[in-house]
1. Pick out the one residue from Ser47, Ser16, Ser63 that is at pLDDT 60 or above, more than 16 Å from the chain's Cα centre (by Cα) and among the small types (Gly, Ala, Ser).
2. Do we find a residue being under 22 Å from Ala187 (Cβ atoms), of a type in the set (Ser, Thr, Tyr), assigned to a loop (DSSP other than H, G, I, E, B) and open to solvent by 10 Å² or more (accessible area, probe 1.4 Å) anywhere in the stretch 87-104?
3. Kindly check whether there is at least one residue in the stretch 76-84 that is in contact with a Phe, Trp or Tyr (Cβ under 8 Å, 6 or more places away or on another chain) and touching a residue at least 24 places away in the same chain (Cβ under 8 Å).
4. Going through Thr204, Thr238 one at a time, which residue ends up being surrounded by fewer than 17 Cβ atoms within 10 Å (Cβ to Cβ) and touching a Lys or Arg at 6+ places or on another chain (Cβ under 8 Å)?
5. Can you confirm whether Ala119 is of a type outside the set (D, E, K, R) and open to solvent by 30 Å² or more (accessible area, probe 1.4 Å)?
6. So Ile130 fits all but one of (1) β-branched (Val, Ile, Thr); (2) open to solvent by 30 Å² or more (accessible area, probe 1.4 Å); (3) under 19 Å from Tyr213 (Cα atoms); what number is the exception?
Amino acid sequence: MKFIRVFLTVCLAAFSFAAFAAAPMVKMQAPGFYRTMIGDFEVTALSDGTVPLPMDTLLNGISRDDLNKALAHHHLSLPLETSVNGFLINTGEKLILIDAGAGSFFGPTVGKLAANLKASGYQPEQVDEIYLTHPHPDHLGGLIADGQRVFPNALVRLDQKDADFAMKDEKMGSALKPYMDAGMFKAYNGDTELAPGIRVVNATGHTPGHSVYQFESKGQKFVAMGDLIHVAAIQFDTPSVAV
């Protein structure tokens with residue numbers, strides 16, 4: 001009887017292993033977000049995905065050899081897998097999104113910001129305002145899906161020079177127009193205080209009205225910079241290198 005029990009146990013274990021092995025692979029990562037506190041402000045970093053970029057042709061101010069050495073030092077290589085991110089700030093009074101990701105504007109490896117926002121515990125309908133650092137496709141494409149507003153209750157804020165710049169381009173303009181038509185767009189001009197503890201710092205250069213957003217609460221500061229630093233492994237050491 002002891003032999004039979006052992007034999008049955010082995011057989012059942014083998015059968016169980018075979019059953020689990022036959023299950024289809026999921027082949028998908030869990031949604032990406034990271035949360036921290038800045039004073040009383042809750043800040044959630046949201047991944048929109050990644051995109052491989054040819055930084056050897058995009059970066060100025062560095063030789064190809066120095067670029068390769070710096071990347072290798074950080075175990076990186078070309079094309080460089082580059083993150084596209086947004087930031088969700090809950091001030092206790094407003095839910096503010098900084099940049100909306102690429103949506104369908106930048107290929108299949110990005111466009112995940114709205115899904116990760118939901119995974120982080122919020123819904124697109126809860127977003128009160130959206131601050132765009134600038135209107136390039138990988139920063140505002142996620143405002144719309146099939147021509148409709150993804151964030152139906154959000155007021156979009158953008159520097160007036162960048163708004164004018166965006167509306168001259170069919171793709172960029174198509175992301176802003178539904179919000180403008182709904183009366184949910186409001187431009188500002190240069191350095192501006194948007195709300196207590198929230199300031200715009202003009203960073204013209206990458207685009208005509210490129211903006212940095214500074215949040216301050218209880219003596220702590222969070223600064224959101226879109227596309228001022230593309231490759232941290234290189235540009236923190238050599239700030240003169242830029243796209």
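The values are calculated or read from the model by the stated rules, or taken from the named source; none is laboratory data. Only a predicted model underlies this, so the values are computations on that prediction, with no experimental measurement involved. Reconstructed Cβ throughout: ideal geometry from the backbone, glycine too, with neighbour counts over all protein chains shown. Ligands, DNA and RNA are excluded from the accessible area calculation, which covers all protein heavy atoms including side chains. Shrake-Rupley method; radii C 1.70, N 1.55, O 1.52, S 1.80 Å.
1. Ser63
2. So far as the stretch 87-104 goes, yes, one or more of its residues are under 22 Å from Ala187 (Cβ atoms), of a type in the set (Ser, Thr, Tyr), assigned to a loop (DSSP other than H, G, I, E, B) and open to solvent by 10 Å² or more (accessible area, probe 1.4 Å).
3. First, pick out the residues of the stretch 76-84 that are in contact with a Phe, Trp or Tyr (Cβ under 8 Å, 6 or more places away or on another chain): 84.
Still in the list and also touching a residue at least 24 places away in the same chain (Cβ under 8 Å): 84.
Scanning the stretch 76-84 turns up at least one residue that is in contact with a Phe, Trp or Tyr (Cβ under 8 Å, 6 or more places away or on another chain) and touching a residue at least 24 places away in the same chain (Cβ under 8 Å).
4. On the way: Thr238 fails: touching a Lys or Arg at 6+ places or on another chain (Cβ under 8 Å).
After applying the criteria, what remains is Thr204.
5. Working: of a type outside the set (D, E, K, R): yes; open to solvent by 30 Å² or more (accessible area, probe 1.4 Å): yes.
For Ala119, the condition - of a type outside the set (D, E, K, R) and open to solvent by 30 Å² or more (accessible area, probe 1.4 Å) - is met.
6. Here Ile130 clears every test but (2).
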